[in-house]
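Taking it in order: structure first as structure tokens, then the write-up.
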Amino acid sequence: MPLLPALQDATGPAAAREAVRFDDVALTYSGLAEVTAALAARLAGAVRVAVWATPTAHTVVAVVAALRAGVPAVPLNPRTGGRELAHIVTDSAPDLVLAAPGDDLPPALAGLARLDVPTAPQGGPSPAALPEPDPESAALVVYTSGTTGPPKGAVLPRRALAASLDALEDAWEWTADDVLVQALPLFHVHGLILGVLGPLRRGGSVRHLGRFSPEGVERELASGGTMLFGVPTMYHRLAEALADPAESAGLAKALAGARLLVSGSAALPVHDHERIAAATGRRVIERYGMTETLMNTGMRADGAPRPGTVGPPLRGVELRLVEEDGGPLADPDAIGEIQVRGPNLFTGYLNRPDATAAALTDDGWFRTGDMAVLDPDGYVRIVGRKATDLIKSGGFKIGAGEIENALLDHPGVREAAVTGEPDPDLGERITAWVVPADPAAPPSADELADHVAAQLAPHKRPRTVRYLDALPRNDLGKIMKRALHG
């Protein structure tokens, strides 16, 4: 089966169906097939291409064209800081960058050839039929946030995309009749693979809001949307908007009419689960995945929602919990590290065989670093990270180490540590613990936040800065982060 079967036959029954919509830009399947086939022909022979992944139809056309050409696409976050972006470009070595006409690209991309992406067929002769690439060939290279160093490029084969999306079809009863509403970024797994390629593989539709708002969600769900994908921050804001029944009757009705409300990328607080259910009668369901593994578990559409869990393993996914040393869990009711195995896994980190080997056991299990317990019926309850340096904020997974390095580049900072603290909106907020170089004149919190945002990305800036005379360290000089919170 082709990865995107509805695009293989532009004259088939889905030809006139709307495939994607971004505000005033909409493409039917026949239109998307034509414009991506023409662009794919221009990408032939490239080793990799970068995609300036704005939340627009241009990104969808660029990624789909690369997939059809059999050329791995590297989605780039447009808000990434210069140093991080330069690393990604150097590491992935794309032949060119695909962007919307008029996009102002940063200096880190200045050395790449640029190809402007159209969103409408350009006329001319029809391109030749495109052969389906090998299932094991690379489809995407998605960069993870570096928790202990620069971001790593996870190479995702076409086989993994198909396996995960088909497992979700099974779990969520996902069909061509579904219309997905979302407002997720298009440079990572949730928004791009699940939120765009998922509907396209089914022959359904996706409506992207561009920018999240409860009003946009209400409008699109009320006008035919059947599914909503979001991160906990979005659902928290929906819960807040639903707090006044007199003002939110339309939103409550629209959410109640959706077939599925799906939250991912971090745990949705039970409080928000209950507020949304009370206002709408509709439960939010959760799933669990990673860049390297795509989707591992998920609540089923025909199952009972259970707040606090991410459901059982998806079809085709093997999941086990192990002790810290990797051995079998001695107590089946205890907390263990999640390891997964199956067709949903990546093929490795680009240019990093050492990191790939460290991430996998000898018999092919991926070490997720997430800690969980298993309910008797196989439902997974994630309780946190094996390490303490991964922060989940606003749907992003953020590494403390890279923020610490950015802070230490500031001349006013002598020592720095970064932790996550609970936040009702973001899930976790980034907190910086700083020993200033000059205690009498420490850099302001705003100055430090701007400094980090300029080097990395705005969502990685500290939300809170606390000043100390010294950081707590053990005998080996390692910062004891748990001591920072008392």
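The values are calculated or read from the model by the stated rules, or taken from the named source; none is laboratory data. Predicted model, so just to flag it, every value in this text is computed and none were measured. Virtual Cβ from ideal backbone geometry, glycine too; neighbours counted across all protein chains shown. Only protein heavy atoms, including side chains, enter the accessible area calculation; ligands, DNA and RNA are left aside. Shrake-Rupley method; radii C 1.70, N 1.55, O 1.52, S 1.80 Å.
Quick notes on this one:
- Candidates Ser265, Ser223, filtered to the one that is open to solvent by 60 Å² or more (accessible area, probe 1.4 Å), of a type in the set (Gly, Ala, Ser) and either touching a helix residue (DSSP H, G or I) at 6+ places or on another chain (Cβ under 7 Å) or at pLDDT 95 or above (or both): Ser223
- The sole residue among Gly308, Gly342, Gly326, Gly348 that is in contact (Cβ under 8 Å) with a residue 60 or more places away in the chain, open to solvent by 30 Å² or more (accessible area, probe 1.4 Å) and not hydroxyl-bearing (Ser, Thr, Tyr) is Gly308.
- For the stretch 109-119, the condition holds for at least one residue, the condition being that it is touching a Pro at 6+ places or on another chain (Cβ under 8 Å), touching a residue at least 40 places away in the same chain (Cβ under 8 Å) and crowded, with 21+ Cβ neighbours inside 10 Å.
- Of the set (1) out of contact with any His (no Cβ under 8 Å at 6 or more places or on another chain); (2) outside any strand (DSSP E or B); (3) surrounded by 17 or more Cβ atoms within 10 Å (Cβ to Cβ); (4) not polar (S, T, N, Q), all apply to Pro151 but (1).
- Among the conditions (1) of a type outside the set (A, V, I, L, M); (2) surrounded by 21 or more Cβ atoms within 10 Å (Cβ to Cβ); (3) in contact with a His (Cβ under 9 Å, 6 or more places away or on another chain), Arg283 misses just one, which is (2).
- Leading residue by the ranking (nearest to Ala26 (Cα to Cα)) among those in the stretch 203-213 that are of a type outside the set (Gly, Ala, Ser) and either open to solvent by 30 Å² or more (accessible area, probe 1.4 Å) or without any contact (Cβ under 8 Å) to a residue 12 or more places away in the chain (or both): Arg211
- Within the stretch 66-95, being assigned to a loop (DSSP other than H, G, I, E, B), open to solvent by less than 40 Å² (accessible area, probe 1.4 Å) and out of contact with any His (no Cβ under 9 Å at 6 or more places or on another chain) holds for Gly70, Val71, Pro72, Thr80, Gly81, Pro94.
- Residues that are at pLDDT 90 or above, within 16 Å of Asn296 (Cβ to Cβ) and not hydrophobic (A, V, I, L, M, F, W, C), drawn from the stretch 377-422: Gly378, Tyr379
- Among the residues of the stretch 311-321, those that are open to solvent by 40 Å² or more (accessible area, probe 1.4 Å) and part of a loop (DSSP other than H, G, I, E, B) comprise Arg315, Gly316.
- Sole exception among (1) under 26 Å from Leu156 (Cα atoms); (2) in contact with a Ser or Thr (Cβ under 9 Å, 6 or more places away or on another chain) for Arg320, by number: (2)
- All of (1) more than 21 Å from Ala154 (Cβ to Cβ); (2) part of a helix (DSSP H, G or I) hold for Arg207 with one exception: (2).
- Residue match in the stretch 242-251 (condition: open to solvent by 40 Å² or more (accessible area, probe 1.4 Å), assigned to a helix (DSSP H, G or I), more than 19 Å from Leu184 (Cα to Cα) and of a type outside the set (Gly, Ala, Ser)): no
- Members of the stretch 241-293 that are more than 27 Å from Thr368 (Cα to Cα) and of a type in the set (Lys, Arg): Lys253, Arg259, Arg275, Arg282, Arg283
- Look at (1) within 14 Å of the chain's Cα centre (by Cα); (2) of a type outside the set (A, V, I, L, M); (3) part of a helix (DSSP H, G or I) and you find that Pro199 fails only one, number (1).
- Leading residue by the ranking (surrounded by the most Cβ atoms within 10 Å (Cβ to Cβ)) among those in the stretch 1-17 that are in contact with a strand residue (DSSP E or B) (Cβ under 7 Å, 6 or more places away or on another chain) and within 19 Å of Gln122 (Cα to Cα): Ala15
- Residues located in the stretch 351-376, provided they are at pLDDT 95 or above, open to solvent by 20 Å² or more (accessible area, probe 1.4 Å) and not in a loop (DSSP other than H, G, I, E, B): Pro353, Asp354, Thr356, Ala357, Ala358, Leu360, Arg367
- Count of residues meeting criterion [polar (S, T, N, Q) and touching a residue at least 60 places away in the same chain (Cβ under 8 Å)] in the stretch 223-266: 2
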